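This report concerns only the one structure given below.
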Amino acid sequence: MAKKKKKKSGMSLLALVLLCILTAAIALLATEYFYMKEKYAGSAVAYSHEQIRDLDVDSMEYKIVKLFYTEDQLENIRDNTVSVDETAQTTAGNAQQGKDIEIVPIHGSTYEGYMMLVHNPSDISVAVNPYLGSGAAAPSLDEYVSMYHALAGINGGGFQDDGGHGNGSIPQGVVIHEGKLVYGNANTYLGMVGITKDGKLFCANATGNECLEWGVQEAVTFGPVFINNYQVVFKEGTDNLGMLNPRTAIGQRSDGTFMLLVIDGRGPTSFGALYEDVIKIFQENDAVNAANLDGGNSSAMIYDGNYVNTPVSMYGSRNLPTVFLVKGDN
């Protein structure tokens, strides 16, 4: 009796080829998907948002981007608005709590931050470490805001920070408060940033005595000066060896509006900005004068009891010898 031939088990060559092609296609699509997701919705948020703003809404890439965002989110990104904690009550283009204040999101290819517009120059003041000279740690920004019943504030001048362990008790250079020299050598020539009797932003290289002679009421030491009488006076190529960093700066328009700028850095959502980036922001906002304040780990902005930006430290503001405050209702 003849034996029956056994049927060959397994996959035919054609089916194997088709499976290989299908697997390769799926792998290619998956790779492209994750590439697009990282590019347009990845950890580098500032870069991703900048790329989205440049896309044609009818392009294939924009259609792919819509897989990662809602329509509202895309509209916010393209209109340069951001979502913030409602308790902070910070919405671009609107005065807050009856005060002439606006908080406007700022973005660039490597950074995201906020500009606080204070339309009444008399609302701006400088607060100085109340424990100056005692060696005790200076307050943090939120403590200053609470202590002086302020509505808002940003960090101010520099401080001695040997080995990164400074407690903010010793300011850098000279500090002037309420028309008097409260710290430093009045004859030392330094970068000074402050406010005059008539509410004008003062930013120049000068001695403490010169500042007092010119009617400066409040001043901290830092720099460089970016803009003087609409003219850029900063020399390119001297920006911390070209590094991106968190930044804090202050400027003023011809109508008296103060511009308080804080840019985040050293994080996945914002790498930081160059001095040239900060200058461009102030130029686009019609600054008459503008100057740099202490940045890096010190950069912080508070409004109505909440941090507007994301400070480098997970604990919020560092201890600061001086801060700029915006008056509250009390």
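In this label model, Val182 and Thr269 are separated by 3.3 nm, measuring between points 7 Å along each Cα→Cβ vector. Computed about the Cα centre, the dipole magnitude for the chain is approximately 2440 debye when only Lys and Arg (+1) and Asp and Glu (-1) carry charge, each at its Cβ. Note that the range 14-78, at 20 °C in a medium of 1.002 mPa s, gets a Stokes-Einstein diffusion coefficient of 162 µm²/s from its Kirkwood radius over C-alpha pairs. Rg and Dmax over the alpha-carbon atoms of the range 278-330 stand at 13.3, 36 Å.
Among 310-321, 224-235, 18-29, 252-263, sorting by the average number of other beta carbon atoms lying within 10 angstrom of each residue, highest first, gives 252-263, 310-321, 224-235, 18-29. Scalar couplings 3J(HN,Hα) for the range 186-199, obtained by applying the Karplus form with A = 6.51, B = -1.76, C = 1.60 to θ = phi - 60°, are 5, 9, 7, 8, 9, x, 10, 10, x, 10, 8, 4, 8, x Hz; x denotes Gly and Pro. The simple spin-label model puts a point 7 Å past each Cα toward its Cβ; for Leu28 and Glu276 those points are separated by 4.0 nm. Between Val57 and Glu38, the distance separating the two model label sites (each 7 Å from Cα on the Cα→Cβ line) works out to 3.1 nm.
Pairs exceeding 32 Å between alpha-carbon atoms, taken from Lys39/Lys200; Lys39/Lys280; Lys235/Lys327; Lys180/Lys280; Lys197/Lys280: Lys39/Lys200; Lys235/Lys327; Lys180/Lys280.
Solvent-free Debye calculation, one equal scatterer per alpha-carbon of the chain: log10 I(q)/I(0) at 0.09, 0.13, 0.14 Å⁻¹ equals -0.52, -0.95, -1.07.
FRET efficiency for the Ser313 to Cys20 pair, using the beta carbon distance and R₀ = 56 Å, is estimated at 0.60. Compactness ratio for the range 170-303: Cα radius of gyration over 2.2 N^0.38 Å (N = residue count) comes to 1.03.
Taking the Cα atoms only, what angle lies between the long axis of helix 275-284 and the longest principal axis of the chain, rounded to 10 degrees? Approximately 80 degrees, to the nearest 10. Amide H contacts under 5 Å for Ile106: Gly113, Tyr114, Met115, restricted to partners 5 or more places along the chain or on a different chain, H placed in the peptide plane at 1.01 Å from N.
Throughout, read-outs are computed from the coordinates displayed, never taken from laboratory work. What you see is a predicted model; the values in this text were computed from it and never measured. Heads up, the Cβs are rebuilt from the backbone with ideal geometry, glycines too, and the neighbour counts pull from every protein chain shown.
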